[in-house]
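The values are calculated or read from the model by the stated rules, or taken from the named source; none is laboratory data. These figures come from a predicted structure and were not determined experimentally. Cβ: placed from backbone, ideal geometry, glycine included. Neighbour counts: every protein chain shown. Heads up: the accessible areas ignore ligands, DNA and RNA and are worked out on the full protein's heavy atoms, side chains in. Shrake-Rupley method; radii C 1.70, N 1.55, O 1.52, S 1.80 Å.
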Amino acid sequence: MYQDKKVVFSGVQPSGVLTIGNYLGAIRNFADFSEEYHCYYCVVDEHAITVRQVPADLRRRTYETLALYIACGLDPEKNTLYVQSHVSAHAELGWILDCYTMFGELSRMTQFKDKSAKNADNINAGLFTYPALMAADILLYQTDLVPVGADQKQHLELTRDVAARFNQVYGDTFVVPDPYIPKTSAKIMSLADPTKKMSKSDENENAVVRILDPRDAIIRKFKRAVTDSGSEIKYAEGKDGIMNLMSIYSAFTGKTMDEIEREFDGKGYGDFKMAVGETCADALAPVQAEFARLMNDKAYLEDVMIKGAEAAARDAARTMSKVRRKIGFTDPRRK
Ligand code: TYM
């Protein structure tokens, strides 16, 4: 779509207070693309309603997620920052892509299986077709690269399949996007059960470190993190808890696993957990300060939302007009 630059798109659901998993796996990396790519970062509120939300909470978290984008270094002048429901083309292309996504494909999605197990009283059609809306988000902007955590890999593969299928039927319409998954922090695990992903909707507060947690809470949660009964700081099979803490420490400090093993040689789990907690709290402090400042400036956040949505809608319209024409929708106003 853009002759000059390739396109990056990613999104975060405003469905809870974001965790260091969201931060290290996704948001922290977003700003790296701002110079070289044309970047869209969206607050995906339409995805969030696949699980029941309290309206006032959804509204507040939408502002908070946008403020966190900016607090994590995304400059609204260099990135298109906006809210999904402000650009109607997402829902529109979402419906169209529903008709090119197979029941069997959607049935295989592990996120659908997990979420329907957790929300057994609300297995709605939106939860099932969620990945087709996600494909629409991405394909609307002719995206080349999608920075996400490892849990979104399967949805990205489906997006690629849907794009390729559409292109095969109608000729080149969509760019087929690639995922960008970070090496060390693609899957941050729960501190209470290191075999499970850290998730913003976890009910056990000790399992998750949130970007906005105060310093003492961060340190306390790391101190209580579940580890094995050994004592060595080693990146080795069977030590899921320690491996997770090492990944977090590595992501914050840039140190390799070898360097971390050497740094904590002869020291115990207590010392290591304390170091991880302090490093994490230090790294998040500036993000938290900037977040607090932005949340006090609602007019600014609204200005960003409005300008972002206008720019996104303009770009999305180009893909939509191509899609409509290809599938045979009439357009009597077009000359
Ligand atoms: P969401 O809101 O669950 O998570 C936002 C981003 O955080 C990553 N992430 C993690 N990374 C590492 N470790 C973890 N424990 C962890 N938990 C979450 C996610 O992989 C994601 O990158 N379906 C998406 C939102 C979405 C989207 C899109 C993303 C909608 N449309 C289009 C990319 C492109 C989701 O639920 O993310």
Using a 1.4 Å probe on the protein heavy atoms, what percent of the accessible area of the chain belongs to carbon and sulfur? 50 percent
Over the Cα atoms of segment 221-335, what radius of gyration and what Dmax do you get, in Å? 24.9, 76
Along each principal axis of its Cα atoms, how long is segment 1-141 end to end? Whole angstroms, biggest number first, please. 43, 33, 26
Average projection area in nm² (convex hull over Cα atoms of segment 199-271, one quarter of hull surface): 5.3 nm²
With every protein chain kept in place and a 1.4 Å probe, segment 4-84 has an accessible area per residue in Å² of 35 Å²
I need the phi-derived Karplus couplings for segment 177-191: 6.51 cos²θ - 1.76 cosθ + 1.60, θ = phi - 60°, integer Hz, Gly and Pro marked x. x, 10, x, 10, 10, x, 6, 8, 10, 6, 9, 7, 9, 4, 7
Check which residues have an amide H placed less than 5 Å from VAL83's amide H, if you skip close sequence neighbours. VAL43, ALA309
Quotient of Cα Rg and 2.2 N^0.38 Å for the chain, N being how many residues it contains: 1.04
Can you run phi through the Karplus equation (6.51, -1.76, 1.60; θ = phi - 60°) for segment 256-270 and list ³J(HN,Hα) in whole Hz, with x for Gly and Pro? 7, 4, 4, 4, 5, 4, 5, 4, 10, 4, x, 9, x, 4, x
To the nearest 0.05, what FRET efficiency results for ASP228 and ASN206 with a Förster distance of 25 Å applied to their C-beta separation? 0.90
Ignoring the sites themselves, what is the longest stretch of the chain with no GluC sites (Glu not before Pro) in a DSSP loop and at most 11 other beta-carbon atoms within 10 Å? 78-202
How far is helix 89-98 tilted off the main Cα axis of the chain, in degrees rounded to 10, range 0 to 90? 90 degrees
Taking every pair of alpha-carbon atoms in segment 112-215, what share in percent sits in each 5 Å bin, from 0 to the bin with the longest distance? 2, 11, 16, 18, 17, 16, 10, 6, 2, 1, 0
Long-range amide H partners of HIS38 with built H, under 5 Å: LYS6, VAL7, VAL8
Quick one: P(r) of segment 29-97 from all Cα-Cα pairs, 10 Å bins, percents rounded to integers, in order of increasing distance. 18, 44, 32, 5
What Kirkwood hydrodynamic radius do you get for segment 157-196 when you take the inverse of the mean 1/r over all pairs of distinct Cα atoms, in Å? 12.8 Å
Are there chymotrypsin sites (Phe, Trp or Tyr not before Pro) in segment 1-110 that DSSP marks as loop and that have at most 15 other Cβ atoms within 10 Å, and which are they? TYR2
Cross-link pairs beyond the 21 Å C-alpha cut-off, checked among LYS187/LYS307; LYS153/LYS221; LYS183/LYS234: LYS187/LYS307; LYS153/LYS221
Charge tally in the Cβ shell below 12 Å around HIS86, where Lys, Arg are +1 and Asp, Glu are -1, HIS86 excluded: -3
Residue-wise, which Karplus ³J(HN,Hα) couplings in Hz belong to segment 58-75, taking 6.51 cos²θ - 1.76 cosθ + 1.60, θ = phi - 60°, and x for glycine or proline? 4, 4, 5, 5, 5, 4, 4, 5, 5, 4, 5, 3, 5, 5, 8, x, 8, 7
Taking a probe of 1.4 Å and leaving out DNA, RNA and ligands, segment 260-335 shows per residue an accessible area in Å² of 60 Å²
